[in-house]
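Okay, structure first, notes after.
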Amino acid sequence: MADPEAPPLEQDADMLKRLHDGDRTAMAELYDRYFDRVYSLVFNQVDRNRDVAEDIVQETFLAALKSAKSFKGRSSAYTWLCSIAYHKVADHYRRQSRERKRMVSGVDVDTIDVSDNPGRQPQPDSLIESAETRQVVNEALAKLPWDYRQVLILKYVEELSVQEISQIMDRSPKSIEGLLTRSRKALQTQLAGLREG
């Protein structure tokens with residue numbers, strides 16, 4: 001069992017070593033420690049669909065269990081889980097895209113609520129922010145390409161560093177910085193268009 005007084009990264013290292021060694025309690029510990037954060041991240045990426053989010057989060061933790069022995073420990077456990085979840089969400093959208101091509105149906109509208117992040121204390125200015133403003137931001141985000149939404153949510157909702165995002169998205173930090181720049185500009189353009197319309 002990890003020392004509760006140890007810093008979080010040391011707790012992660014101990015937990016991941018035990019997971020690597022086949023300790024069954026380590027997986028439960030990993031799940032308990034990170035489920036809410038991973039769920040929040042996934043939930044915001046899958047049109048706020050609880051069933052899909054739950055399935056993807058379960059797939060994420062199963063994949064983590066299967067790949068625990070190959071985890072090198074170069075990132076935090078949360079960053080590692082986010083990377084797995086990122087790929088699972090991408091797989092979900094690829095499957096969904098293939099299904100849409102097979103059956104011509106209505107338009108799918110992506111919605112992401114940046115205000116929904118369990119476990120975080122609301123900031124004073126976000127308490128003042130109106131529901132109308134959140135709705136406009138969500139509409140603008142929904143119109144962005146998937147990787148633009150992903151990088152903005154990882155940076156501004158999950159508050160991850162460029163280095164952590166680069167590990168999750170499997171891109172160089174310089175590539176992530178460029179993607180963030182393009183994503184912010186695209187979001188500003190979408191917001192301006194929504195305000196004018």
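The values are calculated or read from the model by the stated rules, or taken from the named source; none is laboratory data. A quick note: this is a predicted structure, and the numbers were derived from the prediction, not measured. Neighbour counts run over all protein chains shown; Cβ positions are idealised from the backbone, glycine included. All accessible areas refer to the heavy atoms of the entire protein, side chains included, with ligands and DNA or RNA removed. Shrake-Rupley method; radii C 1.70, N 1.55, O 1.52, S 1.80 Å.
Where does each of 51-58, 69-76 land if you order them by average Cβ count within 10 Å, highest first?
Going by the mean number of other Cβ atoms within 10 Å, highest first, we get 51-58, 69-76.
Between the stretch 38-83 and the stretch 16-35, how many Å separate their Cα centres?
14 Å
Tell me which lysines have Cα within less than 30 Å of residue 174's Cα, excluding those fewer than 8 residues away on the same chain?
Candidates past the 8-residue exclusion: 69, 72, 88, 143, 155, 185.
Want the number for residue 21 to residue 175: 0.36 nm per residue separation, take away the alpha-carbon distance, what's left?
That pair, residue 21 and residue 175, stretches by 51.9 nm at full extension.
Roughly speaking, what is the stretch gain from residue 74 to residue 182, that is 0.36 nm per residue apart minus the C-alpha to C-alpha distance, in nm to one decimal?
36.1 nm
Could you order 60, 25 so the one with the most accessible surface comes first? Probe is 1.4 Å.
25, 60
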